[in-house]
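What follows is one structure encoded as C-alpha cells, with my remarks underneath.
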Amino acid sequence: MSTSGNGQRPNFQLRSGAAAFAAALSILTSGGPAAAAKIVTIEIGTQGFTTAYGINAAGSITGGYDDPTLGFVRAADGTITTFNPSGSSETYGMGINHKGAIAGYWWNGLTHGFLRSPQGKLTTFDPEGSVDTEPFRINDAGTLCGYYADSKYVKHGFVRSADGAITAFDPEGSTGTQSLGINAAGTISGYYSDNSNVYHGFIRAADGTITTFQVSGSDTIPWGINDSGTVTGSYGDGNTGLTHGFVRAADGTTTSFDVSADVSTQPAVINDKGMIAGSYMNNVGIRYGFVRSADGKITLFNPPRSTETQVWDINNEGAIVGWYWKGLKGNSPFYAFLRTP
C-alpha cells in the first residue's frame, strides 16, 4: 500500500533547467494573493505521518494518519474523529461529500472499499472479483467512483450508487481503467491504457455513455471534474518529457497551460468556480503546489519548511488540502496541510 497517492499517475521524465525554474518561481510567487493565503499543518498521532485527501464545502477534511494507519475526519473547528473498519491495518478516507459521507479504502492483506455515513456507520464493499478496491471520490447523492484490480491485476473503473449497486466499466480497447473524479450529475472522469501502453482520457455519463479523448495526441490523464462537466488533468510531451495541464470544457473545447516552461504541470482537481489545484515538478522531480484561478492566473505555494508538497483536493471556497515532507521524501515524516485563501 502506498500513502503517496501518486502510484496511479504515470511517471513522465523531466528535462533539466534549474535556472528557468528558479526564475519562474520568483515571478509567480511575488506579491499578490499568495501573501494573504494561510497554510495550517494538520498533524495527528505521534508518528508524524498524516495525509489529507478530501475536503468538502463545510471545511471537513478526511485522510489517514500514523502507522498502522487510521482514517480520520477533521471538522472545520479542528475536532478530529478517527475510524477504522474491523480488521484493518491501514485506512484512508479519500473523498468527502457536502453531507459528510466519506469514501475510501482499507487493507487487511487485500485492499477493500468503504463508505462511512455522516453518522459514522461503516459499510465495506468490493466489486465482484476484486483483489484491490480503491474508491476515490463521492458526490452529494452518495454515488462514488474508483477503480479495482482483478485477479490478474488488470484495473477496471467502477461506480457504486447510493443503494449499494456496483457497476464495473472499461472504455473500448482498455487494458487498464482508472476513474478518479465524479460530479453532482454522476459524470466520471478518468483514464485508460491501450495495447500500446498509450493513456487516453474518458468521460463517463451517468447513463453509461463513455466519451474518450486525447490532448495533442499524447498520453492524457484526466483527474478532476466539476458540476459543469469541465475536466482537468495533464498530458505528456514526447519532445521534452514534460507534462502540461489542460482544462476541457463540457463542449470539448480544450485549453492547455503550464506553471512555467520548464516544469511538469499536474492538475488534480477543479471546483465549481473553475479554480484548479495541483502539483508541479521541478527539474529534479520535486513537487510543489499551485492553484489556478478561473481567469488563468497561477499562484505557487509551499507549506513552511516543506521540501516537497502534494496537492489532492479543493472545495468551492478555494480551500486546498494535501500533504508535505519536512525532509527527503522516503526518509522523513509527512504532514497534512490546509491552505485557505
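Could you please find all residues in region 287-303 being within 18 Å of Thr232 (Cα to Cα), among the hydrophobic types (A, V, I, L, M, F, W, C) and assigned to a strand (DSSP E or B)?
Once the filter is applied, which keeps residues that are within 18 Å of Thr232 (Cα to Cα), among the hydrophobic types (A, V, I, L, M, F, W, C) and assigned to a strand (DSSP E or B), region 287-303 yields Phe290, Val291, Ile298, Leu300.
Give me a count of the residues in region 287-335 that are surrounded by 22 or more Cβ atoms within 10 Å (Cβ to Cβ), among the basic types (Lys, Arg) and within 29 Å of Asp67 (Cα to Cα).
So the answer is 1.
Quick one: is Thr211 at pLDDT 95 or above, closer than 19 Å to Asn315 by Cα, part of a strand (DSSP E or B) and out of contact with any Cys (no Cβ under 6 Å at 6 or more places or on another chain)?
So Thr211 fails the test.
Output the number of residues of region 40-80 satisfying the condition of being surrounded by fewer than 20 Cβ atoms within 10 Å (Cβ to Cβ), within 22 Å of His98 (Cα to Cα) and in contact with a Leu (Cβ under 9 Å, 6 or more places away or on another chain).
Adding up the residues that qualify gives 2.
I need the full set of residues from region 102-130 which are touching a Ser or Thr at 6+ places or on another chain (Cβ under 6 Å), aliphatic (A, V, I, L, M) and either over 23 Å from Gly59 (Cβ atoms) or surrounded by 22 or more Cβ atoms within 10 Å (Cβ to Cβ) (or both), in order please.
Hit for region 102-130 is Ile102, nothing else.
Can you pull out the residues in region 42-88 that are acidic (Asp, Glu) and under 18 Å from Tyr324 (Cα atoms)?
Glu43, Asp66, Asp67
Please verify whether region 266-281 includes one or more residues that are of a type outside the set (Ser, Thr, Tyr), more than 20 Å from Gly64 (Cα to Cα), surrounded by fewer than 20 Cβ atoms within 10 Å (Cβ to Cβ) and in contact with a Lys or Arg (Cβ under 8 Å, 6 or more places away or on another chain).
Scanning region 266-281, I find no residue that is of a type outside the set (Ser, Thr, Tyr), more than 20 Å from Gly64 (Cα to Cα), surrounded by fewer than 20 Cβ atoms within 10 Å (Cβ to Cβ) and in contact with a Lys or Arg (Cβ under 8 Å, 6 or more places away or on another chain), so the answer is no.
Just one of Gly164, Gly93 is within 28 Å of Gly208 (Cα to Cα) and either modelled with pLDDT under 95 or not in a strand (DSSP E or B) (or both); which is it?
Gly164
Could you please give the count of residues in region 45-64 that are within 29 Å of Asp272 (Cβ to Cβ) and free of Cβ contacts under 8 Å to residues at least 60 places away in the same chain?
In the first step, residues of region 45-64 are kept if they are within 29 Å of Asp272 (Cβ to Cβ); the result is 50-64.
Those still in the list that are free of Cβ contacts under 8 Å to residues at least 60 places away in the same chain too: 58, 60, 62.
Count: 3.
Given (1) touching a Lys or Arg at 6+ places or on another chain (Cβ under 8 Å); (2) over 16 Å from Gly181 (Cβ atoms), where does Gly104 come up short, assuming only one miss?
Unmet condition: (2).
Here are the criteria: (1) surrounded by fewer than 17 Cβ atoms within 10 Å (Cβ to Cβ); (2) within 26 Å of Glu317 (Cα to Cα). Tell me which single one Val247 does not satisfy.
Result: Val247 fails condition (1) only.
The values are calculated or read from the model by the stated rules, or taken from the named source; none is laboratory data. On a predicted model such as this, the values are computed, not experimentally measured, just so you know. In this analysis, Cβ positions are derived from the backbone assuming ideal geometry, glycine residues included, and neighbour counts consider all displayed protein chains.
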